[in-house]
Amino acid sequence: MGPQQVVDSLVDPRFDVPLYTRAEAARILDVPSSTLSSWAKGYVRRFPDRPTVTGDPVITWLEPEAAGAPSIPFVGLAEAYVVAAVRRSGVPMQRIRPALDELNHQIGIDHALASKRLYTDGAELLFDYALRSADIDTAPLVMELVVVRRGQRVFAEVLEQYLVNIEYGPDQYASRIRLPSYARAEVLADPLRAFGHPILARGGARVSDVLDRFWSGQSLAELTDEFGAPPEQIEDLVRVASRRAA
């Protein structure tokens, strides 16, 4: 079922509706498309002189209706957002995957990486995992994600800065994400608006619509009048889009 066809009130668009292609999700999160694909579908890497290396999926992926159709639901985007934050902390994903698997197990619910329990309990669980781990290579890396502050184990600042941008619904699962790539514009991914694609918090315009008008030659003043966004926010959208295209 595509996002345009959702009519069943029992369908939760966060979980049940594929909103993004893997390339679109990668672009939203500012990670390589090949990287996001490996998070969604896992990977197998073969080498001539050492054992094959495999990795299981770490985010939710749904079967697309056709080749090139959306396959990532919002919950998968939220999970990938957390994984991207871990990646940006400098911890290698291939080393941290066992810790993420254990985190999912310890939290004990589906889509643990998209749950509020990750934010409230995840640092403590990762710390305990590192203490128990027999892997002398992985444990120190896990410790890089956790710090002790005022006697409590909390996420390191680089990870915390991402997690605070997630809003959670009454069921304690991610319901909206403020995307951190933008310095001045407040850009949201909300599965109930614009089919989950990035929008400006002020006015609700799709980022892609604003950029299309800019590339077609409209001035900042015209775009401000049309979309209600200050010029500096529109410039921020253009900056991020230009950097990604470079």
Return the only residue of V187, V91 being in contact with a Lys or Arg (Cβ under 9 Å, 6 or more places away or on another chain), farther than 22 Å from D12 by Cβ, among the hydrophobic types (A, V, I, L, M, F, W, C) and touching a residue at least 12 places away in the same chain (Cβ under 8 Å). V187
Taking A134, is it without any contact (Cβ under 8 Å) to a residue 12 or more places away in the chain, outside any helix (DSSP H, G or I) and either of a type in the set (A, V, I, L, M, F, W, C) or not assigned by TED's automatic domain parsing to the domain that holds Y173 (or both)? yes
So, first residue in the same structural domain as A99 (by TED's automatic domain parsing) and surrounded by fewer than 15 Cβ atoms within 10 Å (Cβ to Cβ) in the range 53-81, second residue part of a loop (DSSP other than H, G, I, E, B) and of a type in the set (S, T, Y), Cβ within less than 8 Å, six or more apart or across chains; the pairs are E63/S71; G68/T21; A69/T21
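Identify the residue in the range 121-143 that is acidic (D, E) and more than 20 Å from I107 (Cβ to Cβ) and, among all such residues, is surrounded by the fewest Cβ atoms within 10 Å (Cβ to Cβ).
Start the filter on the range 121-143 by keeping residues that are acidic (D, E), which leaves 121, 124, 128, 135, 137.
Filter once more, so that each one left must be more than 20 Å from I107 (Cβ to Cβ): 135, 137.
On the way: D135: 13, D137: 9.
The extreme case among them is D137.
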List the helices (runs of 4 or more DSSP H) that sit entirely inside the range 23-129 and contain at least 3 residues that are modelled with pLDDT under 90 and aliphatic (A, V, I, L, M). 93-107
Can you tell me how many residues within the range 194-212 are crowded, with 17+ Cβ neighbours inside 10 Å and touching a helix residue (DSSP H, G or I) at 6+ places or on another chain (Cβ under 6 Å)? 7
Need a quick list: strands (runs of 3 or more DSSP E) entirely within the range 141-246 having at least 1 residues that are within 28 Å of T21 (Cβ to Cβ) and of a type outside the set (S, T, Y). 166-168, 174-178, 187-189
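The values are calculated or read from the model by the stated rules, or taken from the named source; none is laboratory data. Note that the coordinates shown come from a computational prediction; the quantities given were computed from them, not determined experimentally. Note: ideal-geometry Cβ built from the backbone for every residue, glycine included; neighbour counts use all protein chains shown.
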